[in-house]
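Undergrad: This is the structure I have questions about; it appears just below.
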Amino acid sequence: MPSPFFNEDHESIRDMARDFAEKSVAPVAAEIDKNDTVPADLVHTMAEMGLFGIKIPEEYGGSGLDMRSYVSVMEEVARKSATVSLYISSTNSLSTAPILLSGTEAQKKKYLPGVVTGESIIVFALTEPNAGSDAASLTTKAVKDGDDYILNGRKCFITFAPLADHAIVYAKTSPDKGAKGITAFLVDMKLPGVSVGKKEEKMGQRGVPVSDVLLEDTRVSKDCILGEVDLGFINAMKTLSVGRVGVAALSLGLAQEALDLAVQYTKLRVQFGRPLAKNQALRFMMADMETRLNAARLLVYNAAWLLDSKQDATKAASMAKYYATEAAKDIIDKALQLHGGYGYSREYEIERLYRDIRVTTIYEGSSQVQQMVIAGQLLK
Ligand SMILES: Cc1cc2nc3c(=O)[nH]c(=O)nc-3n(C[C@H](O)[C@H](O)[C@H](O)COP(=O)(O)OP(=O)(O)OC[C@H]3O[C@@H](n4cnc5c(N)ncnc54)[C@H](O)[C@@H]3O)c2cc1C
């Protein structure tokens, strides 16, 4: 479908992603969910295709493409597997944006190329057991000791932590200064005192391991500081404000797949002597699903376009994440309803979509946090 936000380059990237998703992801999506693991050869293919470096500048090994290219790849891949799309969002967003935003040239050269090739995994470690939505209340401490810092604390729900080579850890360097006393550190996961907790048994998006990261008297050199001391929270918030557009795109893909499945199913399933799709009540339900999905897509691509044209996208990105994830959750719920009892069976794809969408209104800023951002921008 032609879009005011797309040019020919965006169309061809979307076609490439759709082709990859249909030919290479769809056949293994159910198996990934069942086994809770992504085949190594699929990860290798994604790296070779450049999917881990879509937004990373060419000088660090990436393709240097824009947000709209990234968002369209996320949407297409998520249509077939949310899990596989997370391998793309993690590398293009949470693990590299903090370095691109605040890293020195030496740090960018050291850390980014390995992420693009898939040789290195970096994780974003902000959340703690008692600091989720209120991330600034984190208590992980970094205490200066000569030219080093000693880190102590526990991070939780860290995506890809069990596989990580490095973690971007946000820690208090000036505990009495609140959000203005947080510093970002690039921590080697092999350092003494660093460990990971047990892998979380998640409801959905299975195949992406998530766990705690523990730091016990971990000594890091001051060269591991990302950006300036005490300015780490701004780095985290800027990373998340762009990252949430990727989550919104992921939810579009899941909702599109669910709607396509519902259309197919209701045309074929006969009850009371005619296909379900002949009932006006169900036709109207699907009309609402289609309308909300299109509205969500416009918000997501508008936010991406604002970011590409270097305009302030704070409110637009939050509106896109808030609306797209909530709408997608509702669309998928309705699509499952339209499948009747079969929708509740693991044999049907819609059951996986129902589990995979659930977390999107929670992570990278819950819906309520997005409402706070939108209202804050509106009422400032
Ligand atoms: C699968 C998964 C992967 C994740 N990956 C990462 C990662 O890689 N890195 C990382 O740092 N974190 C990660 N997280 C953590 C995630 O960002 C947090 O779970 C999220 O920010 C919410 O925090 P919380 O779970 O502590 O909920 P809480 O903050 O305790 O919130 C509970 C509920 O209350 C609502 N709420 C809270 N405060 C208010 C308020 N003032 N007004 C109204 N409503 C409010 C919230 O919206 C939510 O619905 C991940 C989480 C999950 C589940």
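Only the coordinates and a few stated rules stand behind these numbers; no lab work does. Note that this is a predicted model, so its numbers are computed, not measured. Cβ coordinates were reconstructed from backbone atoms using ideal geometry, including for glycine residues, and neighbour counts include every protein chain displayed.
Undergrad: Of 311, 256, 271, which is the most mobile in a GNM of the chain whose springs link Cα atoms less than 10 angstrom apart?
TA: 271
Undergrad: So, by mean Cβ neighbours within 10 angstrom, what's the order for 337-348, 101-112 with the highest one leading?
TA: Taking the mean over residues of other Cβ atoms within 10 Å, the ranking is 101-112, 337-348.
Undergrad: Apply the a/c threshold of 1.5 to the C-alpha gyration tensor of the stretch 205-344 and tell me whether it is rounded, prolate or oblate.
TA: oblate
Undergrad: Now for a different question. Give the lysines reachable from residue 23 as a straight Cα distance under 23 Å; neighbours fewer than 8 places away on the same chain don't count.
TA: Partners found: 34, 80.
Undergrad: Quick check on the stretch 11-66: take the gyration tensor over C-alpha atoms, sort the square-rooted eigenvalues as a ≥ b ≥ c, and tell me if it's rounded (a/c under 1.5), prolate or oblate.
TA: It comes out oblate by the Cα gyration axes.
Undergrad: To continue, here is another question. Rank by packing, highest mean first: peptides 179-189, 128-138, 69-79, with packing defined as the count of other Cβ atoms within 10 Å averaged across residues.
TA: Packing proxy ranking, top to bottom: 69-79, 179-189, 128-138.
Undergrad: Could you name the lysines in cross-link range of residue 278, using Cα to Cα under 21 Å and dropping any fewer than eight places away on the same chain?
TA: 267, 334
Undergrad: Can you order the peptides 159-172, 18-31 by their average number of other Cβ atoms within 10 Å per residue, highest first?
TA: Sorting 159-172, 18-31 by mean packing, highest first, produces 159-172, 18-31.
Undergrad: Report the net charge of residues surrounding residue 245, where surrounding means a beta-carbon distance below 14 angstrom and charges are Lys +1, Arg +1, Asp -1, Glu -1.
TA: Net charge in that neighbourhood comes out at +2.
Undergrad: Related question: Exceeding 27 Å between C-alpha atoms, which entries from my cross-link table qualify? They are 180/222; 177/321; 108/180; 155/202; 222/380.
TA: 177/321; 222/380
Undergrad: Right, another one. In a Gaussian network model over the chain where Cα atoms closer than 10 Å are linked, find which of 148, 356, 333 has the largest mean-square fluctuation.
TA: Result for the chain, Cα springs under 10 Å: 148 fluctuates most.
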